[in-house]
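For reference, the structure discussed in these notes is given below.
The values are calculated or read from the model by the stated rules, or taken from the named source; none is laboratory data. Not measured: the values here are computed from a predicted model. Protein only, heavy atoms only, side chains kept; ligands, DNA and RNA dropped before computing areas. Shrake-Rupley method; radii C 1.70, N 1.55, O 1.52, S 1.80 Å.
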Amino acid sequence: VAAAALGLAGAAPAQGDAAAGPGAVVGKVSYYGTAFNGRTTASGERFDAAALTMAHKSWPFGTRVKVTNLSNRRSVVVRVNDRGPSTPGRIGDVSLAAAQRLGMVNAGVVEARLERVGPAPAQRKRPS
């Protein structure tokens with residue numbers, strides 16, 4: 001299943017769910033297939049389907065996120081490196097490696113909880 005085209009989604013905030021707990025978001029998550037391998041993400045790095053990464057509409061690049069598949073309770077921690085998804089009603093796209101750990105490859109789209117577990121690294125100023 002190919003999710004959204006890399007880097008084409010806007011930066012609208014995701015909708016929260018009171019049952020998700022503070023700072024958590026619940027909604028539909030899909031995944032990027034291998035067809036996106038090597039394409040440049042919105043963060044400027046190359047997409048790697050074997051890496052544990054995800055696209056999110058507004059969370060800062062580098063943010064670490066615990067994604068939990070609510071149908072089987074499997075979780076994985078990923079890093080935000082792209083913007084998306086562009087498909088309405090979805091709150092994130094994960095890499096193929098993350099989808100495999102979540103047990104969602106056959107389903108393609110699952111209900112999931114996203115929880116920030118680590119901030120994005122601080123931006124370093126480059127010497128002038």
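How many percent of the accessible area of the stretch 56-124 is carbon or sulfur, using a 1.4 Å probe?
Its accessible area is 46 percent carbon and sulfur atoms.
Taking 0.36 nm per residue of separation and subtracting the current Cα-Cα distance, fully stretching the chain between Val117 and Asn37 would add 26.2 nm. Using alpha carbon coordinates only, what is the Rg to Rh ratio of the stretch 31-128, with Rh defined as the Kirkwood radius? Reported Rg/Rh (Cα atoms, Kirkwood Rh): 0.99.
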